[in-house]
Amino acid sequence: MQNIFLKVLSMGTDACWIILAVMFLRMVFYKAPKWIICFLWILAGLRLICPFNIESQACLIPRQAVFSSGVDSGIIKDINGNTSPGQDSKIPSIIGNGQAAGISGSSKDKGNVTGGRFNVPVVKDHIEDSKSGITSVLTIIWAAGMAFLLLYLAGSYIYMKKKLSFATHLYGNIWECENTGTPFIFGIARPGIYIPYHMDKKQLSYVLAHEYAHLKRKDHILKAAAFIILSVYWFHPLVWAAYILLCRDIEFACDEKAVLSMDAQERKDYLLALLNCSTRRNVGIYPLAFGGIRIKERVVHVKKLKKPSFILTFIALFAGIVISAGFLTSPKGQKAEGNVPENTGTKGVSPEEKTVLAGYYVAKAGNDDKAFLRPDLVLDTDKKTFSFSYDVLSSYLSVGTYTEEDNELKLTTDDGKFYYTFRKGSENNLYFLADKSSSVKLTDEKFGIEITDDMVFEPSDKKSGVYDDFEVLETRQADVDLNEMTGADGAILYYVDTEKIIFGGYFGLFVYDKASGKIEKSLDLGYIGCNYTQGDNYCTISASTDGSKVYMKPLKKNKLYVYDVLSGTLQLKVYKGRIREDASLDLFYTEGHQAKYYDGKTEITCRLHESNGLIGGCQYFEYKGKEPEDEKEIIYYPLFGQ
């Protein structure tokens with residue numbers, strides 16, 4: 001649903017230009033036939049419902065105005081659209097000296113409780129997580145507003161249908177009804193004209209001329225479609241303005257169609273009928289009913305109405321053609337001429353279409369082709385889908401569809417926010433075109449390789465699993481409030497043996513030493529995005545069978561964090577699999593809150609327990625064989641030294 005909302009935002013932003021253009025032309029060609037203006041409003045509606053962009057050299061929209069991310073006025077936008085001034089990183093600075101993450105404080109008091117706090121996560125979500133939260137709230141508000149308007153439309157239709165069930169058929173598609181004070185059209189597939197009882201026959205002829213003009217122009221369908229579009233874009237002020245102006249122009253166009261063939265006296269009688277029918281009009285009951293605009297405007301319009309000249313009509317139509325070509329399309333990028341470096345091997349390549357291979361493409365990182373984390377591109381040539389990964393610190397998932405045009409791959413994300421372009425080269429290589437792509441600025445330059453213009457992406461044999469290359473990250477020790485709750489999942493047991501217990505939750509990862517009864521090491525999971533135990537951002541955490549390593553794999557990210565328990569170091573690797581399905585990792589088995597191990601002779605069960613559900617109340621107890629039935633036989637050991 002969030003992707004749909006973001007797509008609607010993008011489409012609404014693009015449509016602003018054509019709406020403003022139609023408003024401008026409406027003022028300039030105020031003497032032109034109103035059916036031309038209605039035609040232009042239809043073009044604006046098409047722009048609002050078109051889910052994809054059509055590129056054109058004739059586009060009048062400035063390239064910089066296209067809804068996308070990038071670097072603008074010194075503000076860096078990352079893949080999530082977050083901004084930060086200059087070159088400052090969005091990620092908080094790493095706390096600590098890079099040594100093994102332990103409990104802060106003096107060595108003598110290490111691991112003790114001080115002032116109700118245990119300096120072992122200040123759990124802070126990334127900026128991108130807060131952005132995602134805001135987007136979720138806005139999506140709910142948008143969906144609620146849209147549902148309200150659509151339910152209002154459906155409810156008013158049912159109400160009016162029930163109200164008109166007692167109408168008397170006059171002839172054709174004309175019905176008389178005592179429950180209406182003014183003529184109107186009701187229905188979509190089989191529309192009918194409903195008029196009050198005992199209407200003057202002379203006025204009836206003029207009323208029917210106007211209503212039949214609506215039906216011939218299919219205005220009942222046009223207004224229904226316009227209201228549905230309005231329901232989707234109810235938050236957009238320009239769409240509201242366009243809807244109101246469309247309703248006015250529909251009435252003006254029908255008046256024109258009805259009276260152009262009338263003489264002066266017939267026009268007076270038409271206006272008199274118009275005035276008589278304008279009383280007690282209540283359009284709010286049924287939003288698809290026609291009318292509802294100030295009668296004075298229509299009277300003045302009819303009085304001043306003259307048959308438009310051929311030149312004026314032609315100019316107005318020509319302006320409509322310019323509008324359709326200029327604002328229904330998106331700016332087409334300049335072809336990359338003269339930008340092919342000599343070492344790419346693409347100079348002098350024939351213009352014939354090159355074949356794109358399915359699979360993985362990995363970026364060449366300068367002279368160091370074995371850099372720890374090269375950007376990669378995954379293509380599915382059958383479904384025309386892609387996955388593009390270049391920023392390990394971003395939770396945004398760059399997936400979508402692509403098209404091939406002029407030896408170029410044009411990638412667009414599913415939510416329509418970002419686009420990327422690659423040029424096909426020799427040896428099945430792809431070359432990134434920065435001037436035709438959204439910004440690929442890294443969240444933090446220390447964690448990744450920045451993509452440059454014409455960077456080469458080579459086909460790779462790697463399909464999934466762990467790459468041999470990795471980067472050692474600085475560790476951040478956990479800082480947790482012992483008076484906070486452990487959350488819905490509580491404390492989770494990852495590993496246990498005769499010497500240590502590895503456990504944690506959203507509040508951090510901890511290594512407990514049984515001999516000293518203290519936390520020996522800790523790791524803040526928040527700053528690496530592994531502090532989620534549920535939802536779309538869920539992170540799978542498991543330890544190796546010997547307890548020497550802890551693996552952390554975010555669900556929607558192609559990366560794996562490996563925490564070395566002995567050295568206290570943290571490694572980041574590219575990983576495209578699922579750790580619990582990877583037999584090569586040899587993981588320790590737990591049941592969430594309990595696990596079994598051998599002390600060399602017998603099997604021992606270790607279980608975690610929380611007193612009052614508080615982090616500070618985390619405890620463990622162990623037993624051999626069958627679990628003690630008497631609570632008094634159980635000895636609890638506090639994990640946080642209290």
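Any idea what Rg and Dmax come out to for segment 539-642 if you just take the C-alpha atoms, in Å?
Using the Cα atoms of segment 539-642, the pair Rg, Dmax is 16.5, 49 Å.
Can you give the FRET efficiency to the nearest 0.05 for residue 188 and residue 580, using r as the Cβ-Cβ distance and R₀ = 56 Å?
Numbers: r = 54 Å, r/R0 = 0.96.
It comes to 0.55.
With label points built 7 Å along Cα→Cβ from the Cα atoms of residue 173 and residue 201, find their separation and express it in nm.
2.5
Could you please report the charge total around residue 253, scoring K, R as +1 and D, E as -1 over all other residues with beta-carbon less than 13 angstrom from its beta-carbon?
Once all neighbours under 13 Å are counted, the net charge is +4.
Ranked from highest to lowest mean number of other Cβ atoms within 10 Å per residue, what is the order of the peptides 419-426, 151-158?
Averaged packing, sorted descending, gives the order 419-426, 151-158.
Just the ratio, please: alpha-carbon radius of gyration of segment 178-235 over 2.2 N^0.38 Å, N its number of residues.
My calculation over the Cα atoms of segment 178-235 gives 1.35.
So what are the ³J(HN,Hα) numbers for segment 162-175, from phi and the Karplus equation (6.51, -1.76, 1.60; θ = phi - 60°), rounded to whole Hz, Gly and Pro as x?
Karplus-based 3J(HN,Hα) across segment 162-175 equals 5, 5, 8, 5, 9, 5, 9, 6, 8, 5, x, 10, 9, 10 Hz.
Return a single number: how many Lys pairs in segment 484-578, at a sequence separation of 8 or more or on separate chains, have alpha-carbon atoms below 21 angstrom apart.
Taking the Cα cut-off of 21 Å, the pair count is 20.
If you scale each eigenvalue of the Cα gyration tensor by 5 and take the root, what three semi-axes come out for segment 470-564, rounded to whole angstrom and sorted largest first?
They are 20, 17, 13 Å, listed from largest to smallest.
For segment 414-453, what does the alpha-carbon gyration tensor say about shape, rounded, prolate or oblate, given a ≥ b ≥ c as the root eigenvalues, a/c under 1.5 as rounded, and a/b over b/c as prolate?
It is oblate, given that a/c is not under 1.5 and a/b is not larger than b/c.
Calculated FRET efficiency, residue 134 and residue 556, Cβ-Cβ r, R0 25 Å, to nearest 0.05?
Result of the calculation: an efficiency of 0.85.
At a probe radius of 1.4 Å, what is the per-residue accessible area of residue 485, in Å² to the nearest 10?
Approximately 110 Å² of residue 485 is accessible to the 1.4 Å probe.
Taking H as built 1.01 Å from N, whose amide H comes closer than 5 Å to the amide H of residue 559, not counting residues under 5 places away?
Distant-sequence amide H within range of residue 559: 575.
What relative contact order, as a whole-number percentage, does segment 145-262 give when Cα pairs under 8 Å and 6 or more residues apart are counted?
Working: 96 pairs, mean separation 25.7, N = 118.
The value is 22 percent.
Grab the Cα-Cα distance for residue 499 and residue 401, subtract it from 0.36 nm times how many residues apart they are, and report the gain in nm with one decimal.
30.1 nm
Using 25 Å as the Cα-Cα cut-off, could you pick out the over-long pairs in 384/424; 218/417; 268/307; 31/201; 34/304; 34/218?
218/417; 31/201
Quick check: residue separation of residue 428 and residue 154 times 0.36 nm, minus the Cα distance between them. What number comes out in nm?
Between residue 428 and residue 154, full extension yields 93.2 nm more.
Whenever you get a sec, line up 552, 27 from highest to lowest accessible area (probe 1.4 Å, protein heavy atoms).
Largest accessible area first, the list is 27, 552.
Which of rounded, prolate or oblate describes segment 1-44 when judged by the alpha-carbon gyration tensor and an a/c cut-off of 1.5?
prolate
Could you put 596, 601 in order of accessible surface area, largest first, with the 1.4 Å probe and the full protein assembly present? Spell out each step's value before the answer.
Numbers: 596 100, 601 185 Å².
Ranked list, largest accessible area first: 601, 596.
Given R₀ = 41 Å, what would the calculated FRET efficiency be for residue 472 paired with residue 596, taking r from the Cβ atoms and rounding to 0.05?
Working: r = 33 Å, r/R0 = 0.81.
Between residue 472 and residue 596 the formula returns 0.80.
The values are calculated or read from the model by the stated rules, or taken from the named source; none is laboratory data. Please read these numbers as outputs of a predicted model, since none were measured by experiment. Counting neighbours? That spans all protein chains shown, and the Cβs are built from the backbone with ideal geometry, glycine included. When the accessible area is computed, the model is the full protein with side chains, heavy atoms only, and any ligands, DNA or RNA have been set aside. Shrake-Rupley method; radii C 1.70, N 1.55, O 1.52, S 1.80 Å.
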